[in-house]
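These notes concern the structure reproduced below.
The values are calculated or read from the model by the stated rules, or taken from the named source; none is laboratory data. These figures come from a predicted structure and were not determined experimentally. Note that we place each Cβ from the backbone using ideal geometry, even for glycine, and neighbour counts take in every protein chain shown.
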Amino acid sequence: MNSYGNTMPKSGSSSSYLPVPLLIERVARLTEKERLFKLSANGRAFTFDPGQFFMAGLPGYGEAPFSIASGSGKAAEADGSFELCIKAVGNLTNAIHRLKKGDTLWVRGPFGRGFDVNGSSPLRGMKGRDILFIAGGIGIVPMRGLIKTILGDRESFGALTLVYGFKDPEGILFAGEMEDWKASGMAALLTVDKPAPGLSPLKGWKGHVGVVTTVIPGLEINPSKTVAVIIGPPVMYRFAIKSLWDKNIARDDIYLSLERRMKCGVGKCGHCQIGGIYACQEGPVFKLSELKDMPDAL
Ligand SMILES: Cc1cc2nc3c(=O)[nH]c(=O)nc-3n(C[C@H](O)[C@H](O)[C@H](O)COP(=O)(O)OP(=O)(O)OC[C@H]3O[C@@H](n4cnc5c(N)ncnc54)[C@H](O)[C@@H]3O)c2cc1C
């Protein structure tokens, strides 16, 4: 157990250093850049919390961290399969995008401290509360795992609201699923960034325009009942936190995921160090109150 009360990675690879080959059961093209890979557990019992990540890679290309996009607990797949949503940005991720159903991805983990929706770590405390999910861009991937987990146990939570901001209407992820989430009792407010000069207009978009923090002031929030979760690009955090403080939400009720550069996933290489902690182990999920003495964290 580490200093944050996290019992180390939930079950997965037999060794946290040794990747295991997992069969790709399905590849879904979500956008031009993002694909959703369904991985078979191949008889292994992977258990994880939303917000944790796997290291996934290919021989000759290396490996990188990817957030778990699937739900856990009652929302977990009975056969142990799970999904990773991978954006093609470079050498490894482009190679992964060339994989097809039936190919193999090498995976180790799960790693890190996720959202302990049910448990007893310092990240407990979501049950019975209203939850405000604030996602930006690809931050919707780990948020999807959390939302699915919570919707799998819907009656244990209060009002659920998702605010999701993205750059371009064509870049929205999981739009179809969001309709199911709404039908399960979650409000969803989508907003698209104002196009920068010279970029294409919003292609018929009729919804809200502006960064996610322009939506938060208009929300009806009961600060004593609400837990807010922020996952998105680094630039979003300071502004989102300020908007939540304006709504009187306490530091202890603001959760965020800090996706630092990571190489090893097991607290050895030091790439993800913030102050005295390793984000790959003590995070990536933190309460804002845990970061108050770490000015470099945000
Ligand atoms: C905890 C965690 C969870 C993540 N979850 C996901 C996920 O669910 N889906 C997903 O697509 N990506 C995720 N990432 C980012 C992913 O790990 C990187 O995109 C990946 O390392 C890129 O590898 P590459 O070899 O294809 O690109 P590289 O050739 O290494 O880099 C290509 C470009 O991506 C940038 N880049 C590389 N690593 C990161 C990083 N960690 N964060 C931001 N930019 C980076 C580089 O600066 C460069 O511009 C996550 C990262 C972390 C730390």
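Some notes on this structure:
- Residue count for segment 212-254, restricted to those that are within 16 Å of the ligand (Cβ to nearest atom) and either surrounded by fewer than 23 Cβ atoms within 10 Å (Cβ to Cβ) or farther than 19 Å from Phe286 by Cα (or both): 5.
- Residues located in segment 81-93, provided they are near the ligand (Cβ under 8 Å from one of its atoms) and not aliphatic (A, V, I, L, M): Cys85, Lys87, Gly90, Asn91, Thr93
- Evaluated against (1) surrounded by fewer than 24 Cβ atoms within 10 Å (Cβ to Cβ); (2) within 30 Å of Ser243 (Cα to Cα); (3) under 14 Å from the mean Cα position of the chain (by Cα), Lys127 falls short on exactly one condition, (3).
- Some residue of segment 192-201 being under 23 Å from the mean Cα position of the chain (by Cα) and either at pLDDT below 90 or not acidic (Asp, Glu) (or both): yes
- Among the residues of segment 139-162, those identified as within 16 Å of Leu189 (Cα to Cα) and within 16 Å of the ligand (Cβ to nearest atom) are Gly139, Ile140, Met143, Arg144, Ile147.
- Count of residues meeting criterion [at pLDDT below 90, closer than 21 Å to Pro110 by Cβ and of a type in the set (A, V, I, L, M, F, W, C)] in segment 230-284: 10
- Hey, Met178 buried (at least 18 other Cβ atoms within 10 Å of the Cβ), away from the ligand (no atom under 14 Å from the Cβ) and assigned to a helix (DSSP H, G or I) or not: yes
- Long-range neighbours under 7 Å by Cβ, at least six apart or interchain, first residue more than 9 Å from the ligand (Cβ to nearest atom) within segment 51-80, second among the acidic types (Asp, Glu) and assigned to a loop (DSSP other than H, G, I, E, B): Ser70/Glu77; Ser72/Asp49; Gly73/Asp153; Lys74/Asp153
- Neighbours by Cβ (under 6 Å, 6+ apart or cross-chain): first from segment 213-229, in contact (Cβ under 8 Å) with a residue 24 or more places away in the chain; second part of a helix (DSSP H, G or I): Thr213/Phe239; Thr213/Ala240; Thr213/Ser243; Ile216/Ser243; Val227/Asp253; Ala228/Leu244
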